[in-house]
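Participant: One structure is given below, represented as structure tokens, and several questions about it will come after.
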Amino acid sequence: MSKNTKVILAGCAIFLSIIILLVTATPASSGSEISLLEARVNADQYKDRYLTTEGFLQPGSVDWNPDKVELRFTIEDDENNQLQVFHHGVKPDNFSDDVIVIVHGYLKDGLFEAERVQTRCPSVYEGEDPDDYDEEFHRNLLRENKDEE
């Protein structure tokens, strides 16, 4: 075998290895983001696919077992579509009523098995009313910050 053939084969082997590692190490890249309604109505369509969905944490639905590190809860959307979630992992710090829960994982037999659970507080993402903007207050605030430097 010539030297050029060996170099080409080695390059192809390295390229193929990198592609295989990327595909197997990042299941989220082949996943889908779906609504709770889609998860409820078309559950069979999404079987064995990596999914992302979100909803509001349903009050009183949290079942946390710290001994087994298991978390069960229900999320719901504005139209009262609900999805039961199971997560084998730690409970997020701000896991309480009135939070939006984002789950990543697989839908199996009507139960969402989450590999990752994230939360966010809806009030953090709400914009302020532009009519309440106080230009003088912000101008003074900038002056104070410059004086401190």
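Participant: Filter region 43-63 for residues that are exposed (fewer than 13 other Cβ atoms within 10 Å of the Cβ) and over 25 Å from Phe95 (Cβ atoms) and give the result.
Facilitator: Answer for region 43-63, where residues must be exposed (fewer than 13 other Cβ atoms within 10 Å of the Cβ) and over 25 Å from Phe95 (Cβ atoms): Asp44, Gln45, Lys47, Asp48.
Participant: How many of the residues in region 17-31 are in contact with a helix residue (DSSP H, G or I) (Cβ under 9 Å, 6 or more places away or on another chain) and modelled with pLDDT of 80 or more?
Facilitator: Residues flagged as in contact with a helix residue (DSSP H, G or I) (Cβ under 9 Å, 6 or more places away or on another chain) and modelled with pLDDT of 80 or more within region 17-31 amount to 0.
Participant: If you scan region 58-95, which residues turn out to be under 17 Å from the mean Cα position of the chain (by Cα) and outside any strand (DSSP E or B)?
Facilitator: Asp77, Gly89, Val90, Lys91, Pro92, Asp93, Asn94, Phe95
The values are calculated or read from the model by the stated rules, or taken from the named source; none is laboratory data. Remember, it's a predicted structure, so these values are computed and weren't measured experimentally. Because the Cβ atoms are built from the backbone with ideal geometry, glycine has one as well, and the counts that use them run over all protein chains shown.
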